[in-house]
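To keep things clear, I will list the structure first and then write my remarks on it.
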């Protein structure tokens, strides 16, 4: 069956890659693809809009960029129409933040009822958080002369909110389900609600990889089926097998040589050694201890104001961001030169 939500042959582009629990993804998808905007009751017409792919313990989020542009434009348009809309966003975000921050102080929930209450609270708050995030991610030229400084400040003050909430969900699941702690992050909300836990074998397989879109979990090998069903194509960069160098954007100058260590998820941090080259889709606050050991940092994503860029400048180590392909080209153990003066990475030995 072919679903006609997307225009024929719509290309879905990877926007960013992070480590996320399955409950977070379900809230994320429902909040962006299934929930009408609370201020005008309009629903994103792109379908399925987002496709999540789990691989190497991280989630790559692929978006229909037409739908993403619409989602950001509709917020900015409402600001232009309604002089009080910015205050409405602030008041709703602040109200929900007050409730959520109380829960975050608990660090972990000891039972599933507390966790489910938190997930429901987050789901209800999501549309207003999204409005704040969409403003923060909009191109400056599209914002134009709109005064959104108060929203940008609010977003900056809560720049670890996503990581903090996901960590709370992750750590709570480990405590609630100790027998499957290492795989509890891929339990669905429904499985938690009904205590219908999959077999450990199935959970291990799910943890190795999955595709999630339209509220449905698919196996990694069903990628062609998913693309055909929803009439879309996930965009992947074409990389030559003989590629020995590539470029990105210099975020912190300097030159360093060292052994590559790829870090996709929190559990990979324990393997990181002093003087290695940290290679990641993008860094997070939890990565800082490893970043302090790194001779240099290379990321697939980000710009000069991303987390990796800011921390590398503070540490005064070379950093190249936005390469798009570093985690695919480089392998653990490769000996590379990172020339952040020119934004180039060269494989010297592998």
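The values are calculated or read from the model by the stated rules, or taken from the named source; none is laboratory data. What you see is a predicted model, and the numbers here were worked out from it, not measured in a lab. Note that we place each Cβ from the backbone using ideal geometry, even for glycine, and neighbour counts take in every protein chain shown.
Checked against (1) surrounded by fewer than 18 Cβ atoms within 10 Å (Cβ to Cβ); (2) in contact (Cβ under 8 Å) with a residue 60 or more places away in the chain, residue 219 meets all criteria but (2). Which residue out of 156, 120 is within 24 Å of the chain's Cα centre (by Cα), assigned to a helix (DSSP H, G or I), exposed (fewer than 15 other Cβ atoms within 10 Å of the Cβ) and modelled with pLDDT of 95 or more? Checking each option against the conditions leaves just 120.
As a summary of the residue check, residue 267 satisfies the conditions (1) touching a residue at least 60 places away in the same chain (Cβ under 8 Å); (2) at negative phi; (3) surrounded by 14 or more Cβ atoms within 10 Å (Cβ to Cβ) except for the one numbered (3). Of the residues making up segment 101-117, those that are modelled with pLDDT of 95 or more and either part of a loop (DSSP other than H, G, I, E, B) or buried (at least 18 other Cβ atoms within 10 Å of the Cβ) (or both) number 1. Selection over segment 310-350 of residues that are in a loop (DSSP other than H, G, I, E, B) and either within 20 Å of residue 272 (Cβ to Cβ) or at pLDDT 95 or above (or both) gives a count of 14. The residues of segment 231-261 that are in contact with a helix residue (DSSP H, G or I) (Cβ under 6 Å, 6 or more places away or on another chain) and closer than 11 Å to residue 297 by Cα, listed by number, are 251, 252. The single condition among (1) buried (at least 17 other Cβ atoms within 10 Å of the Cβ); (2) more than 14 Å from the chain's Cα centre (by Cα); (3) part of a helix (DSSP H, G or I) that residue 39 does not satisfy is (3). Would you call residue 89 without any contact (Cβ under 8 Å) to a residue 40 or more places away in the chain and within 16 Å of residue 151 (Cβ to Cβ)? For residue 89, the condition - without any contact (Cβ under 8 Å) to a residue 40 or more places away in the chain and within 16 Å of residue 151 (Cβ to Cβ) - is not met. Looking across segment 298-314, the residues that are touching a residue at least 40 places away in the same chain (Cβ under 8 Å) and touching a helix residue (DSSP H, G or I) at 6+ places or on another chain (Cβ under 8 Å) come down to 298, 299, 300, 302, 303, 308, 312. May I ask you to verify whether residue 271 is in contact with a helix residue (DSSP H, G or I) (Cβ under 8 Å, 6 or more places away or on another chain) and modelled with pLDDT under 95? So residue 271 fails the test. Could you please find all residues in segment 283-299 being outside any helix (DSSP H, G or I) and modelled with pLDDT of 95 or more? Matches in segment 283-299: 294, 295, 296, 297, 298, 299. Within segment 185-196, does at least one residue satisfy the condition of being under 30 Å from residue 86 (Cβ atoms) and either under 18 Å from the mean Cα position of the chain (by Cα) or surrounded by fewer than 15 Cβ atoms within 10 Å (Cβ to Cβ) (or both)? No; the residues of segment 185-196 include none that is under 30 Å from residue 86 (Cβ atoms) and either under 18 Å from the mean Cα position of the chain (by Cα) or surrounded by fewer than 15 Cβ atoms within 10 Å (Cβ to Cβ) (or both). Would it be correct to say that residue 65 is at pLDDT 95 or above, within 22 Å of the chain's Cα centre (by Cα), assigned by TED's automatic domain parsing to the domain that holds residue 152 and farther than 30 Å from residue 205 by Cβ? Yes: the conditions hold for residue 65. Got at least one residue in segment 166-178 being out of contact with any helix residue (DSSP H, G or I) (no Cβ under 9 Å at 6 or more places or on another chain) and within 22 Å of residue 207 (Cα to Cα)? Yes, the conditions are met somewhere in segment 166-178.
The residue that is nearest to residue 46 (Cα to Cα), counting only those in segment 68-85 that are in contact (Cβ under 8 Å) with a residue 60 or more places away in the chain and surrounded by 13 or more Cβ atoms within 10 Å (Cβ to Cβ), is 71.
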